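The values are calculated or read from the model by the stated rules, or taken from the named source; none is laboratory data. All values reported here derive from a predicted model rather than from experimental measurement. For neighbour counting, all protein chains shown are included, and Cβ atoms are generated from backbone atoms with ideal geometry for every residue, glycine included. We work out accessible area using only protein heavy atoms, side chains counted, and drop any ligands, DNA or RNA first. Shrake-Rupley method; radii C 1.70, N 1.55, O 1.52, S 1.80 Å.
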Amino acid sequence: MKKLVFSIVVLLAVIISFAQSKYDAKEAFNPQFYPYPGNDFRSASGEPGPKYWQNRADYTINCTLDADRHSVSSDEDITYTNNSPDNLKFLWLQLDQNIYKKDSRASATTTEAGGRWANGAFTQGYVIKSVSAEYNGKSYPAKYTISDTRMQVWLQEDLKSGGAKVKLSIQFEFQVPQYGTDRMGRLNTKNGWVY
(Lines give C-alpha, C1' and ligand atoms only; values in the text may rest on other atoms or scores of the structure.)
Protein backbone atom coordinates (compact mmCIF):
# COMPACT_ATOMS: atom_id res chain seq x y z
CA MET A 1 0.00 0.00 0.00
CA LYS A 2 2.86 2.37 0.83
CA LYS A 3 4.38 1.70 -2.64
CA LEU A 4 1.08 2.48 -4.35
CA VAL A 5 0.67 5.78 -2.46
CA PHE A 6 4.30 6.71 -3.19
CA SER A 7 3.85 5.94 -6.91
CA ILE A 8 0.69 8.07 -7.10
CA VAL A 9 2.45 10.99 -5.36
CA VAL A 10 5.39 10.80 -7.78
CA LEU A 11 3.03 10.62 -10.76
CA LEU A 12 1.09 13.65 -9.55
CA ALA A 13 4.33 15.59 -9.01
CA VAL A 14 5.41 14.86 -12.59
CA ILE A 15 2.00 15.88 -13.99
CA ILE A 16 1.99 19.10 -11.97
CA SER A 17 5.51 20.00 -13.11
CA PHE A 18 4.46 19.60 -16.75
CA ALA A 19 1.27 21.55 -16.14
CA GLN A 20 3.40 24.46 -14.90
CA SER A 21 5.73 24.29 -17.92
CA LYS A 22 6.74 27.55 -19.55
CA TYR A 23 6.46 26.04 -23.04
CA ASP A 24 5.55 28.72 -25.56
CA ALA A 25 4.36 27.41 -28.91
CA LYS A 26 4.83 30.83 -30.54
CA GLU A 27 8.48 30.84 -29.51
CA ALA A 28 9.05 27.26 -30.63
CA PHE A 29 7.56 27.93 -34.06
CA ASN A 30 8.83 31.47 -34.46
CA PRO A 31 8.99 32.56 -38.09
CA GLN A 32 12.64 33.46 -37.43
CA PHE A 33 13.37 29.79 -36.70
CA TYR A 34 15.47 29.53 -39.86
CA PRO A 35 18.50 31.80 -39.34
CA TYR A 36 18.83 32.13 -43.14
CA PRO A 37 15.72 33.62 -44.76
CA GLY A 38 16.47 32.32 -48.24
CA ASN A 39 16.75 34.22 -51.52
CA ASP A 40 15.67 33.94 -55.17
CA PHE A 41 17.88 30.88 -55.68
CA ARG A 42 17.14 28.90 -52.49
CA SER A 43 14.24 29.09 -50.05
CA ALA A 44 14.93 29.02 -46.31
CA SER A 45 14.14 25.29 -46.30
CA GLY A 46 16.80 24.64 -48.96
CA GLU A 47 14.37 23.99 -51.79
CA PRO A 48 15.00 25.60 -55.18
CA GLY A 49 13.76 29.18 -55.50
CA PRO A 50 12.32 30.92 -58.59
CA LYS A 51 15.80 31.74 -60.00
CA TYR A 52 17.43 28.39 -59.17
CA TRP A 53 19.93 27.16 -61.74
CA GLN A 54 22.15 24.12 -62.18
CA ASN A 55 25.03 23.64 -64.59
CA ARG A 56 25.14 20.49 -66.68
CA ALA A 57 27.84 18.11 -67.89
CA ASP A 58 27.17 15.49 -70.57
CA TYR A 59 29.81 12.81 -71.16
CA THR A 60 30.90 10.50 -73.93
CA ILE A 61 33.53 8.09 -72.62
CA ASN A 62 35.36 5.52 -74.75
CA CYS A 63 37.70 3.39 -72.68
CA THR A 64 39.72 0.20 -72.86
CA LEU A 65 40.75 -2.13 -70.05
CA ASP A 66 44.17 -3.69 -70.66
CA ALA A 67 44.13 -6.78 -68.40
CA ASP A 68 47.82 -7.52 -69.10
CA ARG A 69 48.93 -4.07 -67.86
CA HIS A 70 46.04 -3.64 -65.35
CA SER A 71 45.32 -0.25 -66.87
CA VAL A 72 42.47 1.76 -68.32
CA SER A 73 42.96 4.19 -71.20
CA SER A 74 40.26 6.58 -72.33
CA ASP A 75 39.16 9.34 -74.67
CA GLU A 76 36.46 11.42 -73.04
CA ASP A 77 34.36 14.31 -74.31
CA ILE A 78 32.57 16.50 -71.79
CA THR A 79 30.00 19.02 -73.00
CA TYR A 80 29.61 21.52 -70.17
CA THR A 81 26.60 23.86 -70.13
CA ASN A 82 26.85 27.05 -68.06
CA ASN A 83 23.35 27.77 -66.77
CA SER A 84 24.68 30.03 -64.01
CA PRO A 85 24.30 33.82 -64.03
CA ASP A 86 28.12 34.16 -64.14
CA ASN A 87 30.59 33.88 -66.98
CA LEU A 88 33.17 31.16 -66.25
CA LYS A 89 36.92 31.56 -66.85
CA PHE A 90 37.71 27.96 -65.89
CA LEU A 91 36.12 24.61 -65.01
CA TRP A 92 36.95 22.18 -62.20
CA LEU A 93 37.16 18.43 -62.75
CA GLN A 94 37.49 15.72 -60.11
CA LEU A 95 40.37 13.24 -60.51
CA ASP A 96 39.52 10.49 -58.02
CA GLN A 97 42.23 8.11 -59.29
CA ASN A 98 44.79 10.51 -57.82
CA ILE A 99 43.94 9.28 -54.31
CA TYR A 100 46.18 6.30 -55.13
CA LYS A 101 49.27 8.47 -55.61
CA LYS A 102 51.88 8.25 -52.86
CA ASP A 103 51.74 12.00 -52.19
CA SER A 104 47.92 12.29 -52.17
CA ARG A 105 45.99 13.74 -49.25
CA ALA A 106 44.08 10.46 -49.03
CA SER A 107 47.26 8.46 -48.47
CA ALA A 108 48.41 10.99 -45.88
CA THR A 109 45.21 10.63 -43.85
CA THR A 110 44.63 6.86 -44.02
CA THR A 111 46.98 4.11 -42.96
CA GLU A 112 47.91 1.28 -45.30
CA ALA A 113 46.52 -1.20 -42.77
CA GLY A 114 42.89 -0.17 -42.92
CA GLY A 115 40.19 2.35 -43.53
CA ARG A 116 37.95 3.29 -46.40
CA TRP A 117 40.77 4.85 -48.44
CA ALA A 118 43.50 2.41 -47.35
CA ASN A 119 45.92 1.51 -50.11
CA GLY A 120 48.69 -1.04 -49.78
CA ALA A 121 50.41 0.06 -52.98
CA PHE A 122 50.49 3.25 -55.01
CA THR A 123 49.98 4.19 -58.66
CA GLN A 124 50.69 7.33 -60.68
CA GLY A 125 47.03 8.30 -60.49
CA TYR A 126 45.71 9.81 -63.70
CA VAL A 127 48.23 10.22 -66.51
CA ILE A 128 46.74 13.06 -68.54
CA LYS A 129 47.85 12.81 -72.17
CA SER A 130 45.94 15.80 -73.58
CA VAL A 131 43.22 18.32 -72.80
CA SER A 132 41.60 20.40 -75.50
CA ALA A 133 38.60 22.71 -75.62
CA GLU A 134 36.14 23.70 -78.33
CA TYR A 135 34.13 26.89 -77.87
CA ASN A 136 32.51 29.28 -80.33
CA GLY A 137 33.82 27.26 -83.28
CA LYS A 138 37.45 27.39 -82.09
CA SER A 139 39.45 24.39 -80.87
CA TYR A 140 42.63 24.77 -78.82
CA PRO A 141 44.82 22.88 -76.37
CA ALA A 142 43.58 23.91 -72.93
CA LYS A 143 45.88 24.92 -70.11
CA TYR A 144 45.24 23.06 -66.87
CA THR A 145 46.55 22.75 -63.34
CA ILE A 146 46.29 19.59 -61.23
CA SER A 147 46.27 19.74 -57.45
CA ASP A 148 45.73 16.37 -55.78
CA THR A 149 42.27 15.20 -56.95
CA ARG A 150 41.27 18.45 -58.65
CA MET A 151 42.03 19.70 -62.16
CA GLN A 152 41.38 23.32 -63.08
CA VAL A 153 40.92 23.76 -66.85
CA TRP A 154 41.39 27.35 -68.07
CA LEU A 155 39.30 28.57 -70.99
CA GLN A 156 40.70 30.99 -73.59
CA GLU A 157 37.53 33.04 -73.43
CA ASP A 158 34.83 33.16 -70.76
CA LEU A 159 32.07 30.57 -71.01
CA LYS A 160 29.06 32.88 -71.19
CA SER A 161 26.21 32.62 -68.71
CA GLY A 162 22.69 31.56 -69.63
CA GLY A 163 23.35 28.26 -71.43
CA ALA A 164 26.64 28.60 -73.34
CA LYS A 165 28.43 25.27 -73.96
CA VAL A 166 32.06 24.23 -74.13
CA LYS A 167 33.36 20.82 -75.17
CA LEU A 168 36.41 19.43 -73.39
CA SER A 169 38.24 16.46 -74.90
CA ILE A 170 40.56 14.61 -72.55
CA GLN A 171 42.83 11.64 -73.15
CA PHE A 172 44.10 9.83 -70.07
CA GLU A 173 45.08 6.51 -68.59
CA PHE A 174 45.58 5.03 -65.14
CA GLN A 175 46.69 1.84 -63.42
CA VAL A 176 43.97 -0.08 -61.59
CA PRO A 177 45.35 -0.49 -58.05
CA GLN A 178 45.45 -3.97 -56.58
CA TYR A 179 44.41 -2.62 -53.22
CA GLY A 180 41.86 -0.05 -54.24
CA THR A 181 38.87 1.37 -52.44
CA ASP A 182 35.10 1.36 -52.74
CA ARG A 183 34.38 0.92 -56.47
CA MET A 184 37.97 0.77 -57.75
CA GLY A 185 40.51 -2.02 -57.53
CA ARG A 186 41.41 -5.50 -58.66
CA LEU A 187 41.52 -8.89 -56.98
CA ASN A 188 43.50 -11.94 -58.10
CA THR A 189 41.30 -15.04 -57.79
CA LYS A 190 41.77 -18.68 -58.79
CA ASN A 191 39.83 -17.80 -61.96
CA GLY A 192 41.96 -14.75 -62.81
CA TRP A 193 41.77 -11.05 -62.11
CA VAL A 194 38.48 -9.43 -61.16
CA TYR A 195 38.27 -5.65 -61.71
- Message: Need one number: nm distance between label points at SER43 and ASP66, each 7 Å from Cα along Cα→Cβ, rounded to one decimal.
- Response: 5.4
- Item | Probe 1.4 Å, protein heavy atoms only - accessible area per residue of the stretch 54-103 in square angstrom | 62
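So what's Rg/Rh here for the stretch 35-108, counting alpha carbon atoms and using the Kirkwood radius for Rh?
My calculation of the ratio gives 1.15.
Keeping all protein chains in place and using 1.4 angstrom, which order do TYR59, TYR100 fall into by accessible surface area, from largest down? List each step's numbers first, then the result.
On the way: TYR59 135, TYR100 5 Å².
These residues rank, largest area first, as TYR59, TYR100.
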- Item | Distance between the stretch 57-103 and the stretch 143-195 - C-alpha centres, whole angstrom | 3
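As a quick test, which of the pairs LYS89/LYS138; LYS143/LYS165; LYS101/LYS165; LYS143/LYS167 have an alpha carbon distance above 23 angstrom in this structure?
Working: LYS89/LYS138 16 Å; LYS143/LYS165 18 Å; LYS101/LYS165 32 Å; LYS143/LYS167 14 Å.
Flagged as over cut-off: LYS101/LYS165.
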